[in-house]
Each structure stands twice: as C-alpha cells, then as structure tokens.
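Engineer: Quick one: the structure is below, questions incoming.
Taken together, the values in this text are just the output of simple stated rules run on the coordinates, not laboratory data. Model, not experiment: these values are computed from the prediction. Positions of Cβ are generated from backbone atoms using ideal geometry, with glycine treated the same way; all protein chains shown enter the neighbour counts.
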Amino acid sequence: AQKVTQAQTEISVVEKEDVTLDCVYETRDTTYYLFWYKQPPSGELVFLIRRNSFDEQNEISGRYSWNFQKSTSSFNFTITASQVVDSAVYFCALSEALEAAGNKLTFGGGTRVLVKP
Amino acid sequence: DTGVSQDPRHKITKRGQNVTFRCDPISEHNRLYWYRQTLGQGPEFLTYFQNEAQLEKSRLLSDRFSAERPKGSFSTLEIQRTEQGDSAMYLCASSWTVAKEETQYFGPGTRLLVL
C-alpha cells in the first residue's frame with residue numbers, strides 16, 4: 001500500500017526566513033508520481049508541482065524549490081524568503097501510474113506553515 | 001478557462017437527511033475524482049470517473065454514498081441518511097489524461113456539517 005508521511009505538523013517562521021517541508025513516501029511501484037499542493041485558508045487545493053519517479057532533477061520555480069531523492073524516498077519542498085502569503089497548509093501526494101486504475105492521489109497529513117510579518 | 005466549481009460551498013443538515021453535491025469539472029477533462037477531507041487531515045480518495053464510467057470506489061464509500069457523472073460532464077455525490085461522521089470537506093478534482101501523465105485540479109470543496 002502507498003503511504004505519504006509529513007512529519008512536521010506545523011512550522012512557524014518570520015517573514016524572509018527559508019522554510020523546508022519534509023515528505024517521505026512508500027510505494028512498491030517503480031513508476032509513480034509525486035505532487036505538492038497548497039491549501040490556503042479558503043480551502044481550495046492549488047497544484048504546485050508534479051514529478052515522475054524517473055526524473056530526479058531538482059526543480060526551482062521562483063521562490064519554490066523541490067529536492068527529490070529516490071534513495072531516501074523523499075520529496076522535500078523549500079520556500080525561500082518566505083512571505084505572509086505563503087501561510088497555508090501544504091500537502092505532499094503520491095500516485096501510481098496505472099492508467100487503467102486511475103491515478104488516485106494518496107496524501108500526507110499536511111504541514112501548516114505560518115509566516116509572521 | 002474556468003476552474004473546477006462545486007456547489008454548494010457549505011451545507012448544514014440534520015442527521016438522517018439526504019444531501020447532494022455537484023461538481024463541474026474543467027471543460028473537456030475526461031477524469032473526475034471525489035475526495036473527502038476531515039479536519040486536520042489530508043484528503044482521502046472516494047471514487048473516480050473516466051468520462052461517464054465510475055471505475056473505482058474506495059471502501060470509505062459506504063452504501064449510503066452514491067456518485068454519478070451522466071454524459072461525462074458534471075458529477076453529483078449523494079449521501080443518504082447522513083451521520084455526524086459524514087461531516088467533512090468534500091473535494092472534487094478533474095484532469096485530462098495524456099498517456100500516464102496526469103495532474104488533478106481541485107475545486108473549492110463543499111463543507112458539510114451534520115448536526
């Protein structure tokens with residue numbers, strides 16, 4: 001069975017500090033996809049990134065960066081120079097790549113990030 | 001391009017009543033998913049549709065739950081004889097699948113409170 005663990009339940013930082021969110025996953029599949037979503041107080045899940053299991057290149061998008069390490073089954077997310085608008089709950093998620101079965105997402109428990117001015 | 005929409009955004013009902021939620025996916029998306037999220041937890045998969053066919057249901061989806069996607073467009077999720085344990089946020093997501101690459105885009109959710 002698939003499992004995603006986000007050990008940090010809440011992180012509080014002061015604006016402009018960097019914050020790293022940990023994500024560890026378990027799967028028996030050799031092909032899978034990893035995702036990060038942001039859930040602001042409004043409740044809507046906002047897609048941030050998708051990464052497939054064959055692509056271990058790190059990725060940077062503005063102030064966001066992701067570190068995928070297959071050897072440790074981790075897919076960590078860093079927000080550089082945090083801003084108040086980054087305050088939200090962030091979810092890491094995993095899906096199989098079995099087209100016939102659908103790519104249902106298995107989510108971690110989420111990490112609440114609070115950025116103080 | 002409009003995003004996924006859900007209606008209603010909030011629903012308060014008494015135990016034992018039936019409720020129905022609607023999800024309108026991004027146009028031309030062929031897959032539609034329903035998830036449930038309880039307070040402080042990540043979303044959990046309930047069911048999904050490929051066009052109008054319901055292809056998978058979670059064991060979380062008891063006999064009191066039913067979902068439809070007539071004509072492969074909007075979807076409805078009905079809960080019969082609601083229980084207090086059904087109180088949660090119900091999230092809908094849609095996607096367009098190309099090969100095995102897929103990203104699900106979520107709606108704003110319907111927050112259900114069963115009194």
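Engineer: For B:37-48, what's the mean count of beta carbons from other chains sitting within 10 Å of each residue's beta carbon?
Structural biologist: 5
Engineer: In whole Å, what are the extents of chain A along the principal axes defined by its C-alpha atoms, from largest to smallest?
Structural biologist: 46, 28, 23
Engineer: Considering only Cα-Cα distances, which of the following residue pairs are longer than 28 Å: A:K3/B:K71; B:K14/B:K71; A:K16/A:K38; A:K116/B:K11; A:K3/A:K38; A:K38/A:K70?
Structural biologist: Details: A:K3/B:K71 34 Å; B:K14/B:K71 32 Å; A:K16/A:K38 19 Å; A:K116/B:K11 33 Å; A:K3/A:K38 19 Å; A:K38/A:K70 23 Å.
Result: A:K3/B:K71; B:K14/B:K71; A:K116/B:K11 exceed 28 Å.
Engineer: What ratio of Cα Rg to 2.2 N^0.38 Å holds for chain B?
Structural biologist: On the way: Rg = 13.5 Å, N = 115, 2.2 N^0.38 = 13.4 Å.
Its radius of gyration relative to the 2.2 N^0.38 Å reference: 1.01.
Engineer: If the chain between B:E52 and B:E78 were fully stretched, how many nm would it gain, using 0.36 nm times the residue separation less the Cα-Cα distance?
Structural biologist: Here the answer is 7.7 nm.
Engineer: Continuing with this model, one more query. What average number of partner chain Cβ atoms lie no more than 10 Å from the Cβ of the residues making up A:33-40?
Structural biologist: Numbers: counts 4, 0, 2, 0, 6, 0, 7, 0.
So the per-residue partner count for this stretch is 2.
Engineer: Principal axes first, then extents: for the Cα atoms of the protein assembly as shown, list largest minus smallest coordinate on each axis, whole Å, largest first.
Structural biologist: Extents along the principal axes: 48, 41, 35 Å.
Engineer: Moving on to the next point. Can you pull out the trypsin sites (Lys or Arg not before Pro) in the stretch B:65-109 whose DSSP state is coil and whose Cβ has at most 16 other Cβ atoms within 10 Å?
Structural biologist: For trypsin sites (Lys or Arg not before Pro) across the stretch B:65-109 that sit outside H, G, I, E and B with at most 16 neighbouring Cβ atoms in 10 Å, the list reads B:R81, B:K100.
Engineer: For B:K57, list the lysines whose Cα falls under 18 Å from its own Cα; do not include residues on the same chain fewer than 8 positions away.
Structural biologist: A:K104
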